[in-house]
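Beneath this line is the structure, given in structure tokens, with notes to follow.
The values are calculated or read from the model by the stated rules, or taken from the named source; none is laboratory data. All of these numbers come straight from a predicted model, not from anything done at the bench. Here Cβ is always computed from backbone atoms with ideal geometry, including for glycine, and neighbour counts include all displayed protein chains. Surface areas here come from the heavy atoms of the whole protein model, side chains and all, with no ligands, DNA or RNA. Shrake-Rupley method; radii C 1.70, N 1.55, O 1.52, S 1.80 Å.
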Amino acid sequence: MQKRAIAIHDISCVGRCSLTVALPILSAAGINTAVIPTALLSTHTGEFTGYTNLDLTDQLLPIAAHLVSLHLHFDAFYSGYLGSITQVDHVLAMIEQLTDTATHIFVDPAFADHGKLYKLMDKAMPERMCILCQKAHTIVPNMTEAAFLLGLPYQSDGYDTAYVKSLAIALSDLGPRSVVITDVALEAGQTGIAVYHAPSKEFSLHYKKRFAGVFHGTGDVFASFLISALMGGFTLLNAASLALDLTHKCIRLTLDGGEPLRYGVQFERVLPELIQALAANKLLEE
Ligand code: PXL
């Protein structure tokens, strides 16, 4: 049976983030993906100015009510960038309405990076997003979001493995069984992810060479690869490792291509590899 997901993020017309990466990546993974756009922006809010922003908050519950009447089962519920704390409350209501015990609830608490809230974010967002994370099976905060969700100050460097592990465990204690923290920098010149699976208590770190620059939308690209692999039957560890490899490749291709970084990363060129990895895993499973 084809898997079905519902993805709840904004649409930024230009800049390759949120729905304009989640939809193509999940679709390439063979997942029937429904979308609920939370806002319509002309671009993302990092490195662009003068963007338009149409808030779609008043559409969220009417859309959900109609979808409920269709009696659809979603294998994955995937929320990302949310424009306001009211939207977080609506997404909490949508979890009640649109998920069942077999739905994987995947929350990317996309509200901050590099120690700062995103431009339009309400200061109350970390606290409210924490309530949404409590309902999730899997969360994918970056290091800034991980600290802010726990009410801790952001540490840009000078931390150790024990600190990252303590963040991951504290986040999973909120509710999620799987926590993947991105943008973990334990050593100069490297960047990586921390993966914690609460049922097995397994914690691991995975690194790649760090490229200089700010890569917009890579949190969304990583999360979308991760959920695609999880839906494709990968274990958490294998899914996270594949998502890291593919995201790193997107960044490398983008730097080689010379396009301004504010336009996001060339994830399109990596989709064949995602499809191949999913097909190989399926063969192994059969
Ligand atoms: O990628 C996260 C994101 C999503 N949507 C909008 C954003 C950002 C990050 O800046 O501005 C509108």
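Tally the residues that are away from the ligand (no atom under 16 Å from the Cβ) and polar (S, T, N, Q), restricting the search to the range 33-80.
3
Any residue that is touching a Leu at 6+ places or on another chain (Cβ under 7 Å) and of a type in the set (S, T, N, Q) - is there at least one of those in the range 124-134?
Yes: the range 124-134 contains one or more residues that are touching a Leu at 6+ places or on another chain (Cβ under 7 Å) and of a type in the set (S, T, N, Q).
Those residues that are surrounded by 19 or more Cβ atoms within 10 Å (Cβ to Cβ) and out of contact with any helix residue (DSSP H, G or I) (no Cβ under 6 Å at 6 or more places or on another chain), I need them from the range 111-122; list them, please. Explain how you work it out, then say what you get.
Taking the range 111-122 as the starting set, the residues that turn out to be surrounded by 19 or more Cβ atoms within 10 Å (Cβ to Cβ) are 111-113, 121.
Met121, the sole residue that qualifies.
Could you tell me whether Tyr154 is in contact with a Gly (Cβ under 7 Å, 6 or more places away or on another chain) and either of a type in the set (Ser, Thr, Tyr) or within 14 Å of the ligand (Cβ to nearest atom) (or both)?
yes
From the list Val91, Val164, exactly one residue is closer than 15 Å to Ile6 by Cα, part of a helix (DSSP H, G or I) and open to solvent by less than 50 Å² (accessible area, probe 1.4 Å). Which is it? Working first, answer last.
Working: Val164 fails: closer than 15 Å to Ile6 by Cα.
Sole residue among the options that is closer than 15 Å to Ile6 by Cα, part of a helix (DSSP H, G or I) and open to solvent by less than 50 Å² (accessible area, probe 1.4 Å): Val91.
Which condition from (1) at pLDDT 95 or above; (2) surrounded by 13 or more Cβ atoms within 10 Å (Cβ to Cβ) is the one that Glu47 breaks?
Result: Glu47 fails condition (1) only.
Might you check whether a residue that is open to solvent by less than 70 Å² (accessible area, probe 1.4 Å), more than 28 Å from Ser12 (Cα to Cα) and more than 16 Å from the chain's Cα centre (by Cα) occurs anywhere in the range 261-276?
no
So which of Tyr51, Tyr78 ends up being within 14 Å of Met94 (Cβ to Cβ) and not in a helix (DSSP H, G or I)?
Being within 14 Å of Met94 (Cβ to Cβ) and not in a helix (DSSP H, G or I) holds for just one of Tyr51, Tyr78, which is Tyr78.
For the list (1) open to solvent by 50 Å² or more (accessible area, probe 1.4 Å); (2) within 17 Å of the chain's Cα centre (by Cα); (3) closer than 20 Å to Gly115 by Cβ, I need the number of the one condition that Gly158 fails.
(2)
Give me the residue from the range 11-32 that is part of a strand (DSSP E or B) and more than 15 Å from the chain's Cα centre (by Cα) and, out of that set, farthest from the ligand (Cβ to nearest atom).
Restricting to residues being part of a strand (DSSP E or B) and more than 15 Å from the chain's Cα centre (by Cα), the top hit is Asn32.
Looking only at the range 223-245, filter to residues that are within 19 Å of Ala185 (Cα to Cα) and open to solvent by less than 10 Å² (accessible area, probe 1.4 Å); which one of those is nearest to the chain's Cα centre (by Cα)?
Among residues in the range 223-245 that are within 19 Å of Ala185 (Cα to Cα) and open to solvent by less than 10 Å² (accessible area, probe 1.4 Å), the one nearest to the chain's Cα centre (by Cα) is Ala223.
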